[in-house]
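Structure first, commentary second.
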Amino acid sequence: MKKIIMMVSVLAAVLLVVPIRVDAAEYEDSYNVPAYGNIEVEWDYADEDDRADGVKTWRFYLTANRDMNYIYVELLPTNVEITSVAAGSDFALANRTNTTNGMNVFLEAVGGVNNGDRVLLFTVITKDLEGAEENCELNLSFNNLDCTVSIPGYYFDNNGNSITQEEYAEVCGNTTPTDPEDPNDIPNSETGSVVPYVAIGGGILAIVIVYLFSRKSNKVYKI
């Protein structure tokens, strides 16, 4: 009996002196995106050094409301700098581009995501901007996968379904995807081309010039 009491006392003493870290998020939130499902976001500090430096680790989870193979989102930082993005184990980071407001991230599901699945979309590490003491946030904006989205090597119809380049040209009326945010990316199809209008305008201008020149020539001839 004395041995048991002694062992319990020693164990209690050890528990008192050994620090126990409980991994709990500093911040948690969730919201619904009708086209995808429920989004859960949380962030915390990896260690005390990260806390002192304002380095946060963000995790974004999705509980899908339908079957899907691709997810296209824009990361929108406020008073933080994105230092790294890593796709969750169920996804491959197929494309990543900087935008005016943040960063576009295109994820391809490895094996697909089924309705009801809860998956980790990606983990993002940010660093608070120097001098920023509040409103240091990272939000998501989901982009539509439609005919106007420009992702190299990927093509989608008007409903966001993956199709081939040939099908894209037939369904969307363009030989290559166009980006509506790029003023230099001009549609080149029969349904959205500016080329016929330029040709018509040029032809009308040529007719007017010929007509005016002809009148001038006749006038000079009569004199």
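With neighbour counts taken as other beta-carbon atoms within 10 Å, the residues ARG59, ARG66 rank, fewest first, as ARG66, ARG59.
Taking amide H positions as modeled 1.01 Å from N, with prolines and chain starts lacking one, the residues under 5 Å from GLY88 and 5 or more places away or on another chain are PHE122, THR123. Be a star and scan region 133-170 for residues whose amide nitrogen sits under 14 Å from the point 7 Å along the Cα-to-Cβ vector of ALA92. Only 153-154 fall inside the zone, counting backbone N under 14 Å.
The charge dipole of region 21-143, taken about its Cα centre with unit charges on the Cβ atoms of Lys, Arg (+1), Asp and Glu (-1) only, comes to about 640 debye. For region 23-95, chymotrypsin sites (Phe, Trp or Tyr not before Pro) are listed when DSSP marks them as loop and at most 12 other Cβ atoms sit within 10 Å of their Cβ; the list is empty.
Taking region 140-158 and a reference point 7 angstrom along Cα→Cβ of ALA25, the backbone N atoms nearer than 17 Å belong to 140-141. Database remark: amide H of ASN95 closer than 5 angstrom to the amide H of PHE106 (H placed geometrically; neighbours at sequence offset of 5 or more, or on other chains; Pro and chain starts carry no H).
Each reported figure results from applying straightforward, stated rules to the coordinates on display, with no laboratory input. Treat the numbers as computed from the prediction; the structure is a model and nothing was measured. With ideal geometry, Cβ positions are generated from the backbone for all residues, glycine too; neighbour counts draw on all protein chains shown.
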